[in-house]
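The values are calculated or read from the model by the stated rules, or taken from the named source; none is laboratory data. Just so you know, these numbers come straight off a predicted model, no measurement behind them. Cβ placement follows ideal geometry from the backbone for every residue including glycine, while neighbour counts extend to all protein chains displayed.
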């Protein structure tokens, strides 16, 4: 379980760093790769695993070889687990209060 958790965290960090380096939002990465916005968000939160097919799709959009992403993930795992950055997301609209 610990190794699986490390893999999730490492994948989250590497995908997020690669996406930000490419200047893409989660939505753009999702749209260009044919994956859902929610899936990309879950990957970057280490809340779901990544299939090889999904990794290849993301790598293509990020203009990085899939093996390079895997190498980065392996390096991140060797560094030790870091919790993924959890951003607060979009601000919600305040509901009109009717008094």
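The residues in the range 35-72 that are farther than 13 Å from residue 14 by Cα, out of contact with any helix residue (DSSP H, G or I) (no Cβ under 6 Å at 6 or more places or on another chain), without any contact (Cβ under 8 Å) to a residue 12 or more places away in the chain and assigned to a helix (DSSP H, G or I) can be counted, and the count is 3. Scanning the range 11-34 for residues that are within 8 Å of the chain's Cα centre (by Cα) and not in a helix (DSSP H, G or I) yields nothing. Within the bounds of the range 79-90, is there any residue that is modelled with pLDDT under 95 and in a helix (DSSP H, G or I)? Yes, the conditions are met somewhere in the range 79-90.
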